[in-house]
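What follows is a set of notes on a single structure, which appears directly below.
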Amino acid sequence: MKAVLMSAFGSVDVLTVGEAPKPVPAEGQVLVKVMATSINRPDLVQREGKYTPPAGDSEILGLEVAGTIEELGAGVTGWQVGERVMTLVGGGGYAEFAVAYASHLMKIPENMSFEEAACVCESYITAFLNVFMIGEFADGQTAILHGGGGGVNTAAVQLSRALTPASKLIVTASGAKLERVKELGANCLINFQETPDFTEVVKEYTAKKGVDLILDHVGAKYLAPNMNSLGYKGRLVIIGVVSGIKAELNLALMMVKRQQIIGSVLRSRPVKEKGEIVAEFTRRALPKFADRTIVPIIEKVFTIDQVADAHRMMEEDKHFGKIVLRIQ
């Protein structure tokens, strides 16, 4: 099968399109004919040799796919060959075929394209897991969402607007993306390039109460302002550490305000746990895609042969929402 291969670890120049063995579904898995996938930041980190796939998963890049079921593995019930599906994969998305666990599949709504469906699983499920399941964000609460122009955070804004319409969203983004974030439904915008310490803005907006939840992928640089911006019993959910992994923490403040710091990843979770997350997402969030309350935001669709250009766009942070790779 055609697939994106890596000649070594490194820059976008290591990406080539070649031939790889077609995978075979194991028990409980299906083989998906991939129509589209998307570019996610972990793909770039893996390409650089800094993110090893979980044991047993494909070393081919790609964490989500949309396509049709090509073959059912042993023991799979409730699905049929030819059905349109979208799914998380542990790896292997940048290829004509990929294997996925049946428990991780979701039916693609009739009015959703393969390109749109390729945007859903990694970013929207990550946002849903961390904002609603782990972060316990509720209607009427206030959240800070960092990096508002990226796939996970635009997903978090859309999901919050759809599932908690009375919530208040403070979003940090670069100046060029602020207006688009506002159009999605952000209530308070902070240009992180001009205001790296956002604490005072948050205090003013919340009348010194602080926020209930912060979704953060920045890490060390933002730990102190994040904790200072959290209110009583506030939750900080960390899903990335692009600025570093070590920072000082005021434990007394954390104790007095009964704050929580929660670390979270999706890719390395056990199969059963991922299935439970997908099932909850299917129940609560997928209907919002089916009725077009939420429409995935696509910056650009590239062909598989343009994979280096797709990675380059993400590296240069020129996108808003998702970057899609059309496979077939």
Somewhere in segment 130-143, is a residue closer than 26 Å to Q259 by Cβ, outside the structural domain of K318 (by TED's automatic domain parsing), buried (at least 24 other Cβ atoms within 10 Å of the Cβ) and in contact with a Gly (Cβ under 9 Å, 6 or more places away or on another chain)? yes
Report, by residue number, each residue of segment 77-89 that is within 27 Å of the chain's Cα centre (by Cα) and on the phi < 0 side of the Ramachandran plot. W79, E83, R84, V85, M86, T87, L88, V89
Just one of the numbered conditions (1) out of contact with any Leu (no Cβ under 7 Å at 6 or more places or on another chain); (2) closer than 24 Å to F289 by Cβ; (3) small (G, A, S); (4) buried (at least 24 other Cβ atoms within 10 Å of the Cβ) is not true of G78; which one? (4)
Among A279, A310, A290, A285, which is the only one that is of a type outside the set (S, T, N, Q), more than 25 Å from V17 (Cβ to Cβ) and surrounded by 17 or more Cβ atoms within 10 Å (Cβ to Cβ)? A285
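Restricting attention to segment 170-180, which residues are in contact with a helix residue (DSSP H, G or I) (Cβ under 8 Å, 6 or more places away or on another chain) and surrounded by fewer than 24 Cβ atoms within 10 Å (Cβ to Cβ)?
Our first condition is that a residue be in contact with a helix residue (DSSP H, G or I) (Cβ under 8 Å, 6 or more places away or on another chain); within segment 170-180, this holds for 170-171, 173.
The one that is in contact with a helix residue (DSSP H, G or I) (Cβ under 8 Å, 6 or more places away or on another chain) and surrounded by fewer than 24 Cβ atoms within 10 Å (Cβ to Cβ): I170.
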Pick out, from segment 142-234, the strands (runs of 3 or more DSSP E) lying fully within it that include 3 or more residues that are within 20 Å of the chain's Cα centre (by Cα), within 29 Å of M255 (Cβ to Cβ) and not basic (K, R). 142-145, 168-173, 211-216
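Starting from residues that are closer than 23 Å to G10 by Cα and part of a strand (DSSP E or B), keep the ones in segment 293-319 and report whichever is nearest to the chain's Cα centre (by Cα). Please lay out each step first, then the result.
First, the residues of segment 293-319 that are closer than 23 Å to G10 by Cα: 302-319.
Filter again for part of a strand (DSSP E or B), leaving 302-303.
Details: F302: 19, T303: 21 Å.
The qualifying residue nearest to the chain's Cα centre (by Cα) is F302.
The values are calculated or read from the model by the stated rules, or taken from the named source; none is laboratory data. Not measured: the values here are computed from a predicted model. We place every Cβ from the backbone using ideal geometry, glycine too, and count neighbours over all the protein chains shown.
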